[in-house]
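Visitor: Sharing a structure with you now.
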Amino acid sequence: MKHLIDPTDLTKEEVDQIVELGEAIYADPGKYRDALKYHKLATLFYEPSTRTRLSFTAAMMELGGNVLGFADATNSSVAKGESVEDTVKVVGSFADIIAIRHHIEGAPYVASQISSVPIINAGDGSHAHPTQTLTDLITIKKELGHIDDITIGFCGDLRFGRTVHSLIKALSRYKGINVILIAPDELKLPDYIKQDVCRKQGIAYREVNNIEEVISELDVLYMTRVQKERFLDEDEFERVKDSFVLDSKKMTLAKEKMAVLHPLPRVNEILPEVDDDPRAAYFRQVEYGKFVRMALILKLLEWKDDPAHPMPKPEENFSDRRLRCNNARCICNCEQHVPQSFRLSDSGIIRCFYCDSRAAKNN
Ligand code: CP
C-alpha cells in the first residue's frame, strides 16, 4: 500500500510526477472536476490547522469527491481513549484515503502499518510535513521555473520546524542545491539533518545568524515562525521570538527574482509591508498547495496497490532494553502498545525509529 509519511516515501520521479500533475491541474482545473466522483477523503486532525486541512478539503471537493473527518479530536472517541490505530481501522471502512495531522510524532507511521487505505501524513509534531514539502516544491518550480541549481536560505525556527526538515530532505535529491541556515543558537537545525541528509547527500550548507549577511545570494528565502507550542520553556521562547524579522529594507538587498516562501501561519517574522512585494510568494504558495494535494490524492489512489510504486523498504530497526526514546512527544512514549524501536543512523548515532530523536540510556 502506497502511503506518504515521510517525503522520501516517494521517489524523486514520483515527486516530479506529482508536481507536474499539480501544474497541469493548475492550468486546467475543469478537466479534473469529476476525477474522484463518489470517492471520500477523511481528514483526521488531532492538532490545529487552517491551510492543510482546508486545502485537502478543497482539493477533494474540486476533484468531485467528498470529505469527512474531524478538526478537533476532543469531539471524537479519541477523548474516550481510542488509539490512533483503532480510529484509522474504523475510518478506513468509510473513506478511500486518510490525511492525519497529529501532535504525537510517529502517529501517522503507526497508523499506516495497519491501514487498509492510503495514509497521508499532514504533519506529525516537529517531525515531518511532507505535503507542505510538495507545496514548497511546486511553489519553487512555479516561481523560478526550476528546482535544481538554487541557493535557498532557511530562516527562523530550524530546530522544531518540521517543514524545514522535510524540505531539506526532499531538496537533497535535486542537483546544485546550496543551503544557508539562518537561525539563533537555540533554534539551529538538528544535527541529524545536517549529518544524515546534508553531509550524506553532499549538500553544501553553512550557518549564519542574520538575514542581511546572505539575502543577496538567495534564490529562495524560506521564512518560518518561531513556534511557541514547541517550546518546553516559556522564557526561552520569549528571548528568541523576535530574532529574525523580514522587512522591506532587507528586501532591497535581495535579487530581483528571489521568492519568499513561508509555510504560514506567520506571526511577526515577515512584516505586512513585504506582502505587496512581487517576490512575496507565500500566499500564492497556499494556492499551489491545493493543486499539488489534488495531484497527490489522485496519484496515491492510482498507485496504492501498484507493484511499480512500492513503499521503500523500512530501515533496519531493533529493540534494546538498555535504551529509550528521549522524546516525550513520540508515539512509543504515548501509546503503551507501541514498542520502543531504534535504528542506527548513517552517522553512527542510535535514533528512535519513529521520530528520529537520539536514543537515551534507560534508567
Ligand atoms: N502550513 C501549515 O501546515 O499550515 P496549517 O497549520 O494552518 O495547516
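Visitor: Hey, does segment 305-312 have a residue that's more than 14 Å from the ligand (Cβ to nearest atom) and either assigned to a helix (DSSP H, G or I) or at pLDDT below 95 (or both)?
Guide: yes
Visitor: Now, a different point. Where residues in segment 1-32 are among the charged types (D, E, K, R) and assigned to a helix (DSSP H, G or I), which of them is farthest from the chain's Cα centre (by Cα)?
Guide: Just the residues of segment 1-32 that are among the charged types (D, E, K, R), to begin with: 2, 6, 9, 12-14, 16, 20, 23, 28, 31.
If we keep only those that are assigned to a helix (DSSP H, G or I) too, we end up with 9, 12-14, 16, 20, 23, 31.
On the way: Asp9: 12, Lys12: 16, Glu13: 19, Glu14: 17, Asp16: 17, Glu20: 19, Glu23: 20, Lys31: 28 Å.
Only one residue tops the list, namely Lys31.
Visitor: Only one of these is in contact (Cβ under 8 Å) with a residue 60 or more places away in the chain and either farther than 29 Å from Glu82 by Cβ or touching a His at 6+ places or on another chain (Cβ under 6 Å) (or both): Ala107, Ala122, Ala183, Ala128. Name it. Spell out the reasoning first.
Guide: Details: Ala107 fails: either farther than 29 Å from Glu82 by Cβ or touching a His at 6+ places or on another chain (Cβ under 6 Å) (or both); Ala122 fails: either farther than 29 Å from Glu82 by Cβ or touching a His at 6+ places or on another chain (Cβ under 6 Å) (or both); Ala128 fails: either farther than 29 Å from Glu82 by Cβ or touching a His at 6+ places or on another chain (Cβ under 6 Å) (or both).
Just one listed residue meets the conditions, Ala183.
Visitor: Kindly evaluate Val274 against the criterion of being surrounded by 22 or more Cβ atoms within 10 Å (Cβ to Cβ) and at negative phi.
Guide: no
Visitor: Only one residue in Phe318, Phe291, Phe353 is in contact (Cβ under 8 Å) with a residue 12 or more places away in the chain and more than 18 Å from the chain's Cα centre (by Cα). Which one?
Guide: Phe318
Visitor: Are any residues in segment 136-169 over 23 Å from Val240 (Cα atoms), out of contact with any strand residue (DSSP E or B) (no Cβ under 9 Å at 6 or more places or on another chain) and surrounded by 24 or more Cβ atoms within 10 Å (Cβ to Cβ), and if so, which ones?
Guide: Of everything in segment 136-169, just one residue is over 23 Å from Val240 (Cα atoms), out of contact with any strand residue (DSSP E or B) (no Cβ under 9 Å at 6 or more places or on another chain) and surrounded by 24 or more Cβ atoms within 10 Å (Cβ to Cβ), namely Ile138.
For (1) without any contact (Cβ under 8 Å) to a residue 24 or more places away in the chain; (2) assigned by TED's automatic domain parsing to the domain that holds Ser347; (3) β-branched (Val, Ile, Thr), each residue gets a yes or a no:
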position: Ile193; (1), (2), (3): no, no, yes
position: Val197; (1), (2), (3): no, no, yes
position: Gly202; (1), (2), (3): yes, no, no
position: Tyr205; (1), (2), (3): no, no, no
position: Tyr222; (1), (2), (3): no, no, no
position: Gln227; (1), (2), (3): no, no, no
position: Ser248; (1), (2), (3): no, no, no
position: Lys257; (1), (2), (3): no, no, no
position: Pro263; (1), (2), (3): no, no, no
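Visitor: Next question. Consider only pairs whose beta carbons are under 9 Å apart and that are at least six residues apart or on different chains; among these, list those whose first residue lies in segment 60-76 and is over 19 Å from Arg293 (Cα atoms) and whose second residue is in a helix (DSSP H, G or I) and at pLDDT 95 or above.
Guide: Ala73/Thr87; Ser76/Thr87
Visitor: Considering only residues that are among the charged types (D, E, K, R) and not in a loop (DSSP other than H, G, I, E, B), look in segment 37-62 and name the one that is farthest from the ligand (Cβ to nearest atom).
Guide: Per the criteria, the residue is Lys40.
Visitor: While we're on this one: Would you mind stating whether Gly92 is surrounded by 22 or more Cβ atoms within 10 Å (Cβ to Cβ), among the small types (Gly, Ala, Ser) and away from the ligand (no atom under 16 Å from the Cβ)?
Guide: So Gly92 fails the test.
Visitor: A further question follows. Does at least one position in segment 214-236 carry a residue that is of a type in the set (A, V, I, L, M) and under 30 Å from Glu62 (Cα atoms)?
Guide: Yes.
Visitor: For Ile97, state whether it is out of contact with any Leu (no Cβ under 6 Å at 6 or more places or on another chain), β-branched (Val, Ile, Thr), more than 16 Å from the ligand (Cβ to nearest atom) and on the phi < 0 side of the Ramachandran plot. Walk me through how you get there before you give the answer.
Guide: On the way: out of contact with any Leu (no Cβ under 6 Å at 6 or more places or on another chain): no; β-branched (Val, Ile, Thr): yes; more than 16 Å from the ligand (Cβ to nearest atom): yes; on the phi < 0 side of the Ramachandran plot: yes.
When the stated conditions are applied, Ile97 does not pass them.
The values are calculated or read from the model by the stated rules, or taken from the named source; none is laboratory data. Please read these numbers as outputs of a predicted model, since none were measured by experiment. Note that we place each Cβ from the backbone using ideal geometry, even for glycine, and neighbour counts take in every protein chain shown.
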